[in-house]
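Trainee: The structure is given below, and queries will be raised subsequently.
The values are calculated or read from the model by the stated rules, or taken from the named source; none is laboratory data. In this text, all values refer to a predicted model and were calculated from it rather than measured experimentally. Every residue, glycine among them, receives a Cβ derived from its backbone with ideal geometry; neighbour counts consider all protein chains shown. The accessibility values were calculated without ligands, DNA or RNA, using every heavy atom of the protein model including side chains. Shrake-Rupley method; radii C 1.70, N 1.55, O 1.52, S 1.80 Å.
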Amino acid sequence: KICLNNNRAEPTTEFVLNKKIEDVQPYISHDGNTIIVHNGTIANDKELLKELAHKPPTKIDSAIIPQYLSEHWDGKDLNTLKDILINKFIGSYAFAIWDKRNPNLIHFATNYKPLYTCYNKNDDILYFSSFPEYMDPMHFSLFNENVIQEIKPYTLNTINLSTKEVHINSLYKSDYEVRQKKALVIASAGLDSTVCISWAKEQGYD
């Protein structure tokens, strides 16, 4: 059995004052095949909406994801899923993706949002969360290891729930992006942060 849910005070990725059940995670495609939970923001949901035959039942940005996957992915081909994650979803994300067309597989994907898994061997349950403190490592083991495992940034981790096999795909666009130095500057538009940005760019940081 699969349980995908969102255990936080605001159960949507955008604030909605008067919530309907359709506004709350998990989000499900119109055909019921693709189900996701999402931590983050999809910035180009309006553009993706134009590529869909069926519109999601809510304006919440995350709801576009299962519908897009259902219409543009067969639920099996990992290369197609990887291509969509890299080239179509612009924003920040940690996803758990389950598709009824290939029910033995669950997919965990993240760019720079945190995501962790933990396997309880005694109960044969795989847990996941964006917050490792939600999972006590004293009560879990990850396939015989007493650890909480971080899903590495910019990876797609596909887990076969029957065999416990894990297949990992990189979500970097290219080897150049892996090598490229990155910097995050908190910019107030004041002199100090403006100089920091200019210096970082001159040093070759992205």
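Trainee: Which of the GluC sites (Glu not before Pro) found in the stretch 1-81 are loop residues per DSSP with 12 or fewer other Cβ atoms within 10 Å of their Cβ?
Mentor: Of the GluC sites (Glu not before Pro), the ones in loops of the stretch 1-81 whose Cβ has at most 12 other Cβ atoms within 10 Å are Glu51.
Trainee: With a 1.4 Å probe and every protein chain left in place, work out the accessible area per residue of the chain in Å², rounded to a whole number.
Mentor: Numbers: 11940 Å² over 206 residues.
Here the per-residue accessible area is 58 Å².
Trainee: Then there is this: Expressed as a whole percent, how much of the Cα-Cα distance distribution for the stretch 38-154 exceeds 22 Å?
Mentor: For the stretch 38-154, the share of Cα pairs beyond 22 Å comes to 40 percent.
Trainee: With a cap of 11 neighbouring Cβ atoms within 10 Å, and only residues DSSP puts in a loop, list the trypsin sites (Lys or Arg not before Pro) found in the stretch 54-89.
Mentor: Those that pass, being in a loop and sparsely packed, are Lys76.
Trainee: So, with a 1.4 angstrom probe, what is the percent of accessible area on the chain that is carbon and sulfur?
Mentor: Its accessible area is 53 percent carbon and sulfur atoms.
Trainee: Another question, if that's okay. Calculate the length of the line joining the C-alpha centroid of the stretch 56-93 to that of the stretch 117-135, in whole Å.
Mentor: Rounded to whole Å, the Cα centres lie 25 Å apart.
Trainee: Further question on the same structure: Taking R0 as 25 Å, what FRET efficiency do you get between Ser92 and Thr194 from their Cβ-Cβ distance, rounded to the nearest 0.05?
Mentor: 0.55
Trainee: If Lys and Arg each add +1 and Asp and Glu each add -1, what is the summed charge of the other residues whose beta carbon sits under 14 Å from the beta carbon of Lys59?
Mentor: -1
Trainee: Can you list, largest first and rounded to whole Å, the semi-axes you get for the stretch 66-114 by taking the square root of 5 times each eigenvalue of its Cα gyration tensor? The partial results should precede the final answer.
Mentor: Working: eigenvalues 62, 32, 16 Å².
That gives 18, 13, 9 Å for the three semi-axes.
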